[in-house]
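Below is one structure, written out as structure tokens, with a few remarks after it.
None of the figures in this text is laboratory data; all of them are computed from the coordinates on show. Predicted, not measured: the structure shown is a model, and the values here were computed from it. Quick reminder, even Gly has a Cβ in these numbers, built from the backbone with ideal geometry, and neighbours come from all protein chains shown.
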Amino acid sequence: MGLRGLLTGARAKQGRGNKQDAVLDPFEGIEDAVPPPEAPHYQPGTWPIDRLDVLEALWGRGNLIPGSHDFVAGLMNVCALSSAKTMLDLGAGLGGASRAMVKKFGVWLVGLDREDILASEANRRSLSRNMDKKAVFFACDPETLRLKPSAYDAILCRQVLSTVQDKENLFNQLAEALKPSAHLVIYDFVQGAAKGHAEVLKTLWATEIPKMQLQRPQQIANALKERNFLIHVAEDATAAYREMALGAWIAYCDALKPGTMKGLAAEVVLEECRRWVNRVAALDCGAVKVYRFHATNSSEKKKGSVATLSDWKY
């Protein structure tokens, strides 16, 4: 089933289906609007301005993944953030949600992303809003992450853990960077029932950049417990995530005028469509799930993996 079918079903479920849906097809002509062979083409996984424009139109200003600013603030409500607190946003992207949290809670925030172009643009936008002192962004490789010890009152790790191979280092760094009794929120894809879904997963891996490297929810919980975290919430958020994502696609397509998509942007839309068709298929069959974890660090700091001050960066 393509995105057209998914959105038609989602519209009907939400009571928004009508006879015009089949006529006013927002994808009409997109396949014919891609650049000619001699023109520049979109390379999946790269970040041309066309991709930023498409994703922000889809997910909201400053956002590159599902989740409005209010949604992300809701995730962090449990952390008692204030102007006296510090926070790390791992997977900050363009920093839209990060700046919204600074505005809402007054927190001092550091945002990290694996892409230099995204961190640079996030800093430019912070500067343009006079928030460059309170919302600062850096590019870093999450595989070799080194965080300041006992630096943060809260950490949000959103759709990053699922892409990291060296999860041991990441978990160690998260534990090390939190102050005693500080908060960790993880919101990410996890492994579901892989048996019988090999083809669905194979198709999914083909469009995921960076590739998903999933753990089962229990593996994540065990990793947190081994590092003296107290887990308060470990819940399946798949249904809400699916609804949130498809709702954004419906709104995007409702606003898209047929035949107006051109050039590189058309290629970006088609690639994002393919990715989300594959993601929803994996979510629907249970091969992949989305989980939310909320945990607090031990009240006593243990000796961790960061041995000297020269080891840490952020």
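Quick one: net charge around A206, please, counting Lys, Arg +1 and Asp, Glu -1 for every other residue with C-beta under 13 Å from its C-beta.
Details: positive: K202, K211, R274, R275, R279; negative: E199, E208, E271.
Here the charged neighbours net out to +2.
Just need log10 I(q)/I(0) for the range 3-298 at q = 0.12, 0.14, 0.15 Å⁻¹, Debye formula, equal scatterers on the alpha-carbon atoms, no solvent, rounded to two decimals.
-0.82, -1.10, -1.25
Which value results when the Cα radius of gyration for the range 85-223 is divided by 2.2 N^0.38 Å?
On the way: Rg = 16.0 Å, N = 139, 2.2 N^0.38 = 14.3 Å.
Here the answer is 1.12, to two decimals.
Taking Cα centroids, how far is the range 97-118 from the range 263-279 in Å?
That distance is 27 Å.
Placing +1 on the Cβ of each Lys and Arg and -1 on the Cβ of each Asp and Glu in the range 3-298, which of L55, A295, N123 has its Cα farthest towards the positive end of the resulting dipole?
A295
Can you order the peptides 159-168, 216-225 by their average number of other Cβ atoms within 10 Å per residue, highest first? Write out the running numbers ahead of the final one.
Values: 159-168: 18.5, 216-225: 16.0.
Top of the packing list down: 159-168, 216-225.
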